[in-house]
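All remarks here apply to the structure that follows.
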Amino acid sequence: MANELSPFTSMVGSLLVAMPQMEDPYFQRAVVYLTHHNQSEGARGIVINKPTSKITCQEILDQLKMPSAETNAFPPVLIGGPDHRLQGFILHTPEVFYPETQKITDDICLTTTQEILGEIALGHRPNQYLVAIGCATWAPSQMEEELMGNLWLSVPANKEVLFETPYEKKWEKAINLLGFSANLFAPKAGKA
């Protein structure tokens, strides 16, 4: 009997939630919103719960020599992942849309141009948005192997987890979407 492969299902628009046994310190308790996933290129996502104090949106605007409105309050910049660390990624609701904007779902878009950051700085912003530097990438089939190895849980995403939940609570909130408490997870699996 020949092995039949399962049909490929894209996980774009889902959350990956790091399991407690994740050993990579960068991804411990990480929540990743998947923005790209296919068989030939692999996957890309933005870590949505790791803010940094090393750089602010205002400092990015200053480096890009972009003006900003005096009263504009920016969210913290997220470290979106260890890859493409000089590229900005804006996850946002679809009230603003540029030719380069990628529609992820009906509710969520991704824009990577400086134009959106400049518009946000002038007060022309989407209702909800996150600003990240860098992203996480997986080679073809790498993410699937990590899911099968129990390094990640796949969870349906929603705007509440993405935009409304405090960063330090996103991991627990994402696990709660599956219908159980994060307290059920042991940090390490035992051995008999």
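Any read-out appearing in this document is the output of simple, stated calculations on the displayed coordinates, not a laboratory observation. Nothing here was measured: the structure is a model prediction, and the numbers come from that model. With ideal geometry, Cβ positions are generated from the backbone for all residues, glycine too; neighbour counts draw on all protein chains shown.
Going by how many other beta carbons lie within 10 Å of each one, how would you line up 26, 129, fewest first? Mind dumping the intermediate values first?
Values: 26 13, 129 21.
Ranking 26, 129 by Cβ neighbours within 10 Å, fewest first, gives 26, 129.
Relative contact order of the stretch 22-121, taken over Cα pairs closer than 8 Å and 6 or more residues apart, is 22 percent. Between residue 150 and residue 56, the distance separating the two model label sites (each 7 Å from Cα on the Cα→Cβ line) works out to 4.4 nm. State, to one decimal in nm, how far the label point of residue 102 lies from the label point of residue 181, with both points 7 Å from Cα in the Cβ direction. A separation of 3.8 nm, rounded to one decimal place.
Can you show me the helix-derived [θ] at 222 nm for the chain, built from DSSP H runs with n ≥ 4 at -39,500 (n - 2.57) apiece and divided by the number of residues, rounded to the nearest 500. Let's see the in-between values first.
Numbers: 4 runs with 29 residues, N = 192.
So the helix-based figure for the chain works out to -4000 deg cm²/dmol.
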